[in-house]
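See below for the structure under consideration.
Just so it is clear, none of the values below were taken in a lab; they were calculated from the coordinates. None of these values were measured; they are calculated from a predicted model. When we count neighbours, we look across all protein chains shown, and the Cβ atoms used for this are built from the backbone with ideal geometry, even at glycine.
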Amino acid sequence: MDKLYTLNQESRTIASVALRASDDAWAIAYDTRLWSVYDVPGELTAELTRLTAINATISTIVLGPNASWLVVYNGNQFTAINIPQTLYDRLSSLQTAGASITAVTIGPTGAWAVVYGGASRGYYTSGVPSTFFSRLKRLVEDGNSVRQLALGVSDSWAMVANENICYLSGVPAALTTAVTTIQMSNLRINAIALGRSGSYAVIYKNNAWYASATRKR
């Protein structure tokens, strides 16, 4: 992805990368309040523009099925269109409770997961693979800080905790190799995303990256 190369050359700090499972759409949040997108709904672009104008801190952008999207900002605030109602309700309850939204993902079939922090730490899920649920449950119960979640096609998934603990399932071998290389260098994993046809992106050390060549550049 040419945009990732540009952000790396400009020494930007990337917080979030989203890939849509049905096409080549993508979204990147970086440098706290900035963003870049490709082929996303106009409503998302308008909302990101609004958030930048009010100096909101954009932490996560999610691209879901059927033109759905979600943006998390200022710790526990969010804006969403067409996301599953159950996820919307959970996020609303977390917002009301003042809990921080630390990680959230929507899969290509509408499965979702959210991890929250604050006075208490926990998670909610719906329709996720059993292996994903078991790993998330163990990580949270053991007191780890789960920072990144990704649900991909064919029950593939990725999960990042603490600095560079990363669990993967059903992903391309190249992504597994990339993550192993990052871990062996003891570098922080900033973001990870899964897209269509086995495509992926993983960001580490603020703006260094690995991404599949199948993505629209």
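Yes or no, residue by residue, for (1) touching a residue at least 24 places away in the same chain (Cβ under 8 Å); (2) among the basic types (K, R):
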| site | (1), (2) |
| --- | --- |
| V140 | yes, no |
| R147 | yes, yes |
| G152 | yes, no |
| S156 | yes, no |
| L175 | yes, no |
| L194 | yes, no |
| K205 | no, yes |
Sort out which residues of segment 89-122 are surrounded by fewer than 21 Cβ atoms within 10 Å (Cβ to Cβ), more than 21 Å from G198 (Cβ to Cβ) and in contact with a Leu (Cβ under 9 Å, 6 or more places away or on another chain), and write them in order of number. S100, G118
Does segment 127-141 include one or more residues that are surrounded by 15 or more Cβ atoms within 10 Å (Cβ to Cβ) and part of a strand (DSSP E or B)? no
Taking I54, is it of a type in the set (A, V, I, L, M, F, W, C) and free of Cβ contacts under 8 Å to residues at least 24 places away in the same chain? yes
Could you list, in sequence order, the residues of segment 31-50 that are assigned to a helix (DSSP H, G or I) and farther than 21 Å from N206 by Cβ? G42, E43, L44, T45, A46, E47, T49, R50
